[in-house]
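For reference, the structure is listed below as structure tokens.
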Amino acid sequence: MRSSISLFLVERTVWLIAIAGFLIFAAIMPRVFLDLGAIDFVIRSGVSIGLVALGIGICLIAGLIDNSVPAIAGFAGVFTTLFASKWFPGTPWPILLLLAILVGAGLGALNGLLIRKIKIHSFLITLTTYIVFIGARKLLYEGAERMPDKVINMIGGGQIIPGISYSTVIFIVVVAVLWVFMNMTITGMRLYAVGGNPRASALMGVDVDGIRFRAHLIAGILAGLSGILYVGYNEATTPAMLDFNLFDGFAMAIFGGVALTGGRGRIEDIFASMFFLSTLTLAMTIAGINVYLRQTVVGVFILIGIVLNMVREKIRDRILMQMA
């Protein structure tokens, strides 16, 4: 019984940190964090980066590194906004939403195909496509372009009722769907298997290249959704879009317990990590902390996440041995 409780607490470390962090900041800044919609605001402000982190996390679980996820999100957001404002004004919002997801899926699939054909490590391929996608986006439109569709803007930044935003609900639904996919489908289980030991997976008949392709495809889909929600939240594109959020995405995934070596990590823990880092970012922004110092703090938490993962896995293995 005692070992079971210890195992539960070890496996939920990120959730404990996220809850404790929110309560600490609520005590320091009660006017901000004790507001009825504070939790919703924290989630809503981090949804776009959170979706990027989920895409990065799924690739890491599969033993891959996808640097291009935020660049895909930025390209999908700009492409869809131009589609709605300049190329085909009046396009219904469901088509715009689907278009962003399809653009993201297409670029994710391109990553998967390049890695499959060229046989070079995903880090190098996606570092290249990260630069290419950003360049292509800037060729399309470099400045800020207003999103004319009011429904897209409402989905990105509006509220269903006071204290509950559309984007918050969308993010929670996406996390729930991904949890089911990763834990209850054959493809999800194979993503873990391939990430943990690709050679053994291949010997068991698993199409390793095919599974890796699907990981990049899923990351692209999440990036496309991230891009359109980012545009909706801001009601426009921005010159930088999500270019500078690559490390934030990795920070959320790693601090959430996803192993850099592949094969380990939970979707729900990335959610907890996103909540904690969004809370931290919001608190630092309100406190007027320098943006470069905020970036330094994010870098520190990547390091803490790596160390925390190592310590947590050792403690977890020790508890499991005691329970055996």
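Could you pull out the residue among Gly220, Gly205 that is over 30 Å from Lys150 (Cβ atoms) and among the small types (Gly, Ala, Ser)? Walk me through it before giving the result.
Values: Gly220 fails: over 30 Å from Lys150 (Cβ atoms).
None of the others qualify; the one that does is Gly205.
Which members of region 123-146 meet the condition of being in contact with a helix residue (DSSP H, G or I) (Cβ under 7 Å, 6 or more places away or on another chain) and part of a helix (DSSP H, G or I)?
Pass one, region 123-146, residues in contact with a helix residue (DSSP H, G or I) (Cβ under 7 Å, 6 or more places away or on another chain): 125-126, 129-130, 133-134, 136-137, 140-141, 145-146.
Once the filter is applied, which keeps residues that are in contact with a helix residue (DSSP H, G or I) (Cβ under 7 Å, 6 or more places away or on another chain) and part of a helix (DSSP H, G or I), region 123-146 yields Ile125, Thr126, Thr129, Tyr130, Phe133, Ile134, Ala136, Arg137, Leu140.
Regarding Thr91, is this residue touching a helix residue (DSSP H, G or I) at 6+ places or on another chain (Cβ under 7 Å), of a type in the set (Ser, Thr, Tyr), surrounded by fewer than 19 Cβ atoms within 10 Å (Cβ to Cβ) and under 19 Å from Ala236 (Cβ atoms)? In short, yes.
Checking the structure you have, find out if any residue of region 248-257 is surrounded by 17 or more Cβ atoms within 10 Å (Cβ to Cβ), at pLDDT 95 or above, among the hydrophobic types (A, V, I, L, M, F, W, C) and out of contact with any Leu (no Cβ under 6 Å at 6 or more places or on another chain). Looking through region 248-257, none of the residues is surrounded by 17 or more Cβ atoms within 10 Å (Cβ to Cβ), at pLDDT 95 or above, among the hydrophobic types (A, V, I, L, M, F, W, C) and out of contact with any Leu (no Cβ under 6 Å at 6 or more places or on another chain).
Any residue at all in region 175-184 that is of a type outside the set (A, V, I, L, M, F, W, C) and either over 21 Å from the mean Cα position of the chain (by Cα) or surrounded by fewer than 20 Cβ atoms within 10 Å (Cβ to Cβ) (or both)? Explain how you work it out, then say what you get.
Initial filter on region 175-184 (of a type outside the set (A, V, I, L, M, F, W, C)): 183.
So of that shortlist, the ones also either over 21 Å from the mean Cα position of the chain (by Cα) or surrounded by fewer than 20 Cβ atoms within 10 Å (Cβ to Cβ) (or both) come out as 183.
Yes, there is a match, as at least one residue in region 175-184 is of a type outside the set (A, V, I, L, M, F, W, C) and either over 21 Å from the mean Cα position of the chain (by Cα) or surrounded by fewer than 20 Cβ atoms within 10 Å (Cβ to Cβ) (or both).
Of the residues Asp243, Asp209, Asp248, Asp149, which single one is closer than 24 Å to Leu16 by Cα, of a type in the set (Asp, Glu) and touching a residue at least 60 places away in the same chain (Cβ under 8 Å)? Break it down stepwise before answering.
Values: Asp243 fails: closer than 24 Å to Leu16 by Cα; Asp209 fails: closer than 24 Å to Leu16 by Cα; Asp149 fails: closer than 24 Å to Leu16 by Cα.
Going through Asp243, Asp209, Asp248, Asp149 in turn, just one is closer than 24 Å to Leu16 by Cα, of a type in the set (Asp, Glu) and touching a residue at least 60 places away in the same chain (Cβ under 8 Å): Asp248.
Quick check: is even one residue across region 195-204 surrounded by fewer than 17 Cβ atoms within 10 Å (Cβ to Cβ), touching a residue at least 12 places away in the same chain (Cβ under 8 Å) and either assigned to a loop (DSSP other than H, G, I, E, B) or of a type in the set (Phe, Trp, Tyr) (or both)? Yes; the residues of region 195-204 include at least one that is surrounded by fewer than 17 Cβ atoms within 10 Å (Cβ to Cβ), touching a residue at least 12 places away in the same chain (Cβ under 8 Å) and either assigned to a loop (DSSP other than H, G, I, E, B) or of a type in the set (Phe, Trp, Tyr) (or both).
Residues of region 33-55 include at least one that is under 30 Å from Gly135 (Cα atoms), basic (Lys, Arg) and either surrounded by 16 or more Cβ atoms within 10 Å (Cβ to Cβ) or in contact with a His (Cβ under 6 Å, 6 or more places away or on another chain) (or both). Determine which member of the set Ile155, Ile115, Ile160, Ile125 is more than 20 Å from Thr80 (Cα to Cα), surrounded by 17 or more Cβ atoms within 10 Å (Cβ to Cβ), touching a Phe, Trp or Tyr at 6+ places or on another chain (Cβ under 9 Å) and β-branched (Val, Ile, Thr). Going through Ile155, Ile115, Ile160, Ile125 in turn, the sole match is Ile115. Being over 15 Å from Gly249 (Cβ atoms) and of a type outside the set (A, V, I, L, M) is the requirement here; does Gly74 meet it? Criteria not met by Gly74.
Got a number for residues in region 149-169 being outside any strand (DSSP E or B) and touching a helix residue (DSSP H, G or I) at 6+ places or on another chain (Cβ under 7 Å)? Number satisfying all stated conditions: 13. Within region 299-317, residues that are in contact (Cβ under 8 Å) with a residue 60 or more places away in the chain sit with their Cβ atoms under 6 Å from residues that are buried (at least 16 other Cβ atoms within 10 Å of the Cβ) and not acidic (Asp, Glu), at 6+ positions apart or across chains, in these pairs: Arg312/Val10; Arg312/Thr13; Ile315/Val10; Arg316/Val10.
The values are calculated or read from the model by the stated rules, or taken from the named source; none is laboratory data. Just so you know, these numbers come straight off a predicted model, no measurement behind them. Neighbour counts run over all protein chains shown; Cβ positions are idealised from the backbone, glycine included.
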